[in-house]
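The values are calculated or read from the model by the stated rules, or taken from the named source; none is laboratory data. The shown structure was predicted, so the numbers you read here are calculated from the model rather than taken from an experiment. Glycine gets a Cβ as well: all are built from the backbone with ideal geometry, and neighbour counts include every protein chain shown. Accessible surface is based on the protein model in full, side chains and every heavy atom, while ligands, DNA and RNA are left aside. Shrake-Rupley method; radii C 1.70, N 1.55, O 1.52, S 1.80 Å.
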Amino acid sequence: MNRIVLGVAGGIAAYKAAALCSALVQCGDEVDVVMTADAERFIGALTFAALTRRPVHTSLWQAPEMIPHIALAREAAAVAVVPATANVLAKLAHGIADDLLTNVALATRAPLILAPAMNTAMYEHPATQANLRTLQERGAHIVAPEAGFLAERESGVGRLAERDVIVAALRDVLARSQELAGTRVLITAGPTREALDPVRFLSNASTGTMGIELAREAIARGADVDLVLGPTVVEPPFGARVVRVTTADEMCAATLARAAGANIAIASAAVADWRPALAQARKVKKEDAPPALALERTPDILAALGERKNGTFLVGFAAETHDLEAHAREKLVRKHLDAIAVNDVSDPASGFGTGDNEIVLLWDGGREALGRGPKRALARSMWNVLARLRAARSNG
Ligand code: CTP
């Protein structure tokens, strides 16, 4: 049994929230319905009260001494807003809390599931799309609307997802939300920069996106996440403890300092393997540039984690251009890893900096191709396999 807050906003699809509410009650969930004032124009609170046999919440001021938004926010295993109107999405994206529903959504640490439903033009408006992206990046789960017949008597995108699709999404979010509860996850991500002088550096094309998505997914599964992040403009996920670093030395120190308490460590950073042997304190004038650069090695952070690992489940990445799996298996053994994710960086459609990637996960005696897709989807597939492998390791 889960305690679920069902937020109903003011759109024509509000009546469909009653069927969803009934399905959840039949599954044994305890449902607290929170309605906006506009939702009450479309459907009566009585319907939800009868379905849930619980009071329906419509105002911050019904019983202010109970501080209802905080009580509901704390007790919920998940908050689902069905339908989520353009107005509610905009308020949630900007942290506006001017009624009970938006207060609950802001006050909760439980997963937020949003099922938008609105007119096609409103859904496709760049403002709505930007709000959806913002909310998704912050960890909200969006159940995309479908194309179909709308209240305007025309067809288009914006129809509330089918009841069973929303129930399945909610079940999936709830199942995942506790999977890594109590687990400490340490992730390195992004490039490093090695200074030549105060204005020039050696680096690479990594944006840190894959590691950031792995951190986001770990948080969605209830993990406590430390993210050691090299220089990137990509925003780290809400809820991670982020340590910003620049050089390989800084990344190494920050990572090793956090390694002892980590149950799972994932090295996704594209660490510079070499740095200038001498970083000039003053800008080098072009006439004075040396004909060749003297380089020295940087520390191998993942290898250092492997040498001192004490029960940590250790995962590395291998960015390869040829003989992918043979090179990766060699790294798996040499760096004492429990699994390694291989990606082909010779393929311009995947790898560094792009939205998509293609990953094969290897471990001692096993292999799973995760296929090609957006890094967010791959992060989810990768955690599915890692969680399974780790569970098998602890049981075995
Ligand atoms: N890595 C690291 N510290 C380094 C270099 C690499 O932690 N100084 C980690 C990466 O985050 C990745 C893995 O090691 O998880 C593999 O990195 P890669 O550069 O592909 O492998 P190397 O072992 O450095 O071998 P090579 O460059 O010869 O392929």
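Restricting attention to segment 289-324, which residues are among the charged types (D, E, K, R) and closer than 21 Å to R388 by Cα?
Across segment 289-324, the qualifying residue is only K309.
Does at least one position in segment 124-134 carry a residue that is surrounded by 15 or more Cβ atoms within 10 Å (Cβ to Cβ), at pLDDT below 95 and either within 22 Å of the chain's Cα centre (by Cα) or not assigned by TED's automatic domain parsing to the domain that holds D32 (or both)?
no
If I filter segment 275-304 down to residues being among the β-branched types (V, I, T) and within 15 Å of the ligand (Cβ to nearest atom), which single residue comes out as farthest from A195 (Cα to Cα)?
Checked segment 275-304; the qualifying residue farthest from A195 (Cα to Cα) is I301.
H327 is checked against (1) without any contact (Cβ under 8 Å) to a residue 24 or more places away in the chain; (2) out of contact with any Asp or Glu (no Cβ under 6 Å at 6 or more places or on another chain) and fails just one. What number does that condition carry?
(2)
Condition test on G316, is it closer than 23 Å to A223 by Cβ, within 12 Å of the ligand (Cβ to nearest atom) and of a type in the set (G, A, S)?
In short, yes.
Tell me which strands (runs of 3 or more DSSP E) are completely within segment 308-396 and hold 3 or more residues being among the aliphatic types (A, V, I, L, M), or say none if there are none.
313-320, 339-344, 356-363
Which pairs do you get when a residue that is of a type in the set (G, A, S), found in segment 10-31, comes within reach of a residue that is modelled with pLDDT under 95 and open to solvent by 30 Å² or more (accessible area, probe 1.4 Å), reach meaning Cβ atoms under 9 angstrom, with the pair 6+ apart or on two chains?
Cβ pairs passing all conditions: G11/A151; A13/A151; G28/M1; G28/N2.
Looking only at segment 181-203, which residues are within 14 Å of the ligand (Cβ to nearest atom) and either over 26 Å from L278 (Cβ atoms) or under 24 Å from the mean Cα position of the chain (by Cα) (or both)?
Within segment 181-203, L186, I187, T188, A189, G190, P191, T192 meet the criteria.
Quick check: is even one residue across segment 3-10 over 27 Å from the mean Cα position of the chain (by Cα) and buried (at least 18 other Cβ atoms within 10 Å of the Cβ)?
yes
In segment 193-207, which residue that is touching a Leu at 6+ places or on another chain (Cβ under 9 Å) and part of a strand (DSSP E or B) is farthest from R244 (Cα to Cα)?
Among those residues, the one meeting the criterion is L196.
Among (1) without any contact (Cβ under 8 Å) to a residue 60 or more places away in the chain; (2) in contact with a Pro (Cβ under 7 Å, 6 or more places away or on another chain); (3) open to solvent by 10 Å² or more (accessible area, probe 1.4 Å); (4) in a loop (DSSP other than H, G, I, E, B), where does G182 come up short?
If we test G182 against (1) without any contact (Cβ under 8 Å) to a residue 60 or more places away in the chain; (2) in contact with a Pro (Cβ under 7 Å, 6 or more places away or on another chain); (3) open to solvent by 10 Å² or more (accessible area, probe 1.4 Å); (4) in a loop (DSSP other than H, G, I, E, B), just (2) comes out false.
Could you identify the single residue in A303, A253, A218, A279 that is over 25 Å from M382 (Cα atoms) and in a helix (DSSP H, G or I)?
A253
Being buried (at least 17 other Cβ atoms within 10 Å of the Cβ) and either under 30 Å from K285 (Cα atoms) or in contact with a Cys (Cβ under 9 Å, 6 or more places away or on another chain) (or both) is the filter here; which residues of segment 205-227 pass it?
Matches in segment 205-227: S206, T207.
Any residue in segment 66-77 that is more than 17 Å from M35 (Cβ to Cβ) sitting within a Cβ distance under 6 Å of a residue that is open to solvent by less than 90 Å² (accessible area, probe 1.4 Å) and not hydrophobic (A, V, I, L, M, F, W, C)? List the pairs, counting only those 6 or more apart or interchain.
Listed by first residue and then by second, the contacts come to E75/R3; A77/N2; A77/R3.
Show the residue pairs meeting these rules: Cβ distance below 6 Å; 6+ apart or different chains; first residue within segment 275-301 and surrounded by fewer than 11 Cβ atoms within 10 Å (Cβ to Cβ); second residue of a type in the set (D, E).
The qualifying pairs are A277/E296.
Residue by residue through segment 95-105, note down the ones that are within 14 Å of R138 (Cβ to Cβ) and in contact (Cβ under 8 Å) with a residue 24 or more places away in the chain.
Of everything in segment 95-105, just one residue is within 14 Å of R138 (Cβ to Cβ) and in contact (Cβ under 8 Å) with a residue 24 or more places away in the chain, namely A105.
Is segment 102-119 home to any residue that is more than 26 Å from A223 (Cα to Cα), assigned to a helix (DSSP H, G or I) and either touching a Phe, Trp or Tyr at 6+ places or on another chain (Cβ under 7 Å) or open to solvent by less than 40 Å² (accessible area, probe 1.4 Å) (or both)?
no
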